[in-house]
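First the structure, in the form of structure tokens, and then the observations on it.
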Ligand SMILES: CC(C)(COP(=O)(O)OP(=O)(O)OC[C@H]1O[C@@H](n2cnc3c(N)ncnc32)[C@H](O)[C@@H]1OP(=O)(O)O)[C@@H](O)C(=O)NCCC(=O)NCCS
């Protein structure tokens with residue numbers, strides 16, 4: 001186990017889109033394991049999704065440390081799923097999660113994406129509601145805990161349509 005490091009300061013964090021293979025990717029996986037899988041008793045092997053490579057990975061980072069991340073898997077030319085939303089515990093509640101979702105949503109219309117859905121852990125539904133997401137469908141269980149389906153429409157971008 002690596003020694004505990006002091007968390008980076010919120011103001012110093014940069015947001016970058018990376019891909020698997022990027023020097024920050026292992027740190028992203030470490031954050032996802034620590035925040036999203038280890039607390040539920042899942043092993044490190046349960047972190048990676050089959051569609052890591054074709055997903056967008058937005059990370060908040062400073063000095064080689066990844067403090068937050070959000071991923072997006074395009075499932076069609078115009079829609080896809082936001083997943084693996086995580087913020088370092090020491091920095092939760094300070095606006096970083098909202099900043100990451102906004103950063104992702106700013107990029108998606110440029111790629112032609114106008115509809116985002118996600119699987120929200122039930123206790124985190126209010127976080128996504130504040131960001132304009134609405135629940136739909138029946139509650140369900142995933143990673144052994146209650147979840148809700150949520151979705152949001154994004155404004156379409158003329159630029160995104162031209163670039164495709
Ligand atoms: C959920 C998570 C990503 C939110 O990120 P964050 O940086 O802590 O959230 P922010 O500080 O940006 O919060 C934005 C707003 O949502 C609210 N909010 C955040 N988490 C909330 C929660 N669990 N319940 C209710 N409101 C919440 C904040 O109070 C804030 O409200 P405001 O705009 O009125 O001030 C983060 O807490 C986390 O990593 N949690 C553990 C992993 C997890 O559950 N991920 C989601 C899987 S679906």
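The values are calculated or read from the model by the stated rules, or taken from the named source; none is laboratory data. A quick note: this is a predicted structure, and the numbers were derived from the prediction, not measured. Positions of Cβ are backbone-derived with ideal geometry, glycine not excepted, and every protein chain shown enters the neighbour counts.
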Inset, instruction - Could you tell me whether residue 143 is within 12 Å of the ligand (Cβ to nearest atom) and buried (at least 17 other Cβ atoms within 10 Å of the Cβ)? - result: no
Inset, instruction - State whether the residues of segment 33-54 include one that is more than 8 Å from the ligand (Cβ to nearest atom), buried (at least 17 other Cβ atoms within 10 Å of the Cβ) and assigned to a strand (DSSP E or B). - result: no
Inset, instruction - Exactly one condition in (1) out of contact with any strand residue (DSSP E or B) (no Cβ under 8 Å at 6 or more places or on another chain); (2) at negative phi; (3) near the ligand (Cβ under 8 Å from one of its atoms) is not met by residue 93; state its number. - result: (2)
Inset, instruction - Just give me the residues in segment 62-80 being within 23 Å of residue 124 (Cα to Cα) and more than 13 Å from the ligand (Cβ to nearest atom), in sequence order. - result: 72, 73, 74, 79, 80
Inset, instruction - Scan segment 35-83 for residues that are under 20 Å from residue 109 (Cα atoms), touching a residue at least 40 places away in the same chain (Cβ under 8 Å) and out of contact with any strand residue (DSSP E or B) (no Cβ under 8 Å at 6 or more places or on another chain) and jot them down. - result: 77
Inset, instruction - Mind listing whichever residues of segment 10-23 are touching a helix residue (DSSP H, G or I) at 6+ places or on another chain (Cβ under 9 Å), assigned to a loop (DSSP other than H, G, I, E, B) and touching a residue at least 40 places away in the same chain (Cβ under 8 Å)? - result: 13
Legend entry - Answer from 82, 104 - the residue that is part of a helix (DSSP H, G or I) and within 24 Å of residue 155 (Cβ to Cβ): 104
Inset, instruction - Answer yes or no: is there a residue in segment 122-137 that is modelled with pLDDT of 95 or more, under 25 Å from residue 26 (Cα atoms), under 17 Å from the mean Cα position of the chain (by Cα) and within 15 Å of the ligand (Cβ to nearest atom). - result: no
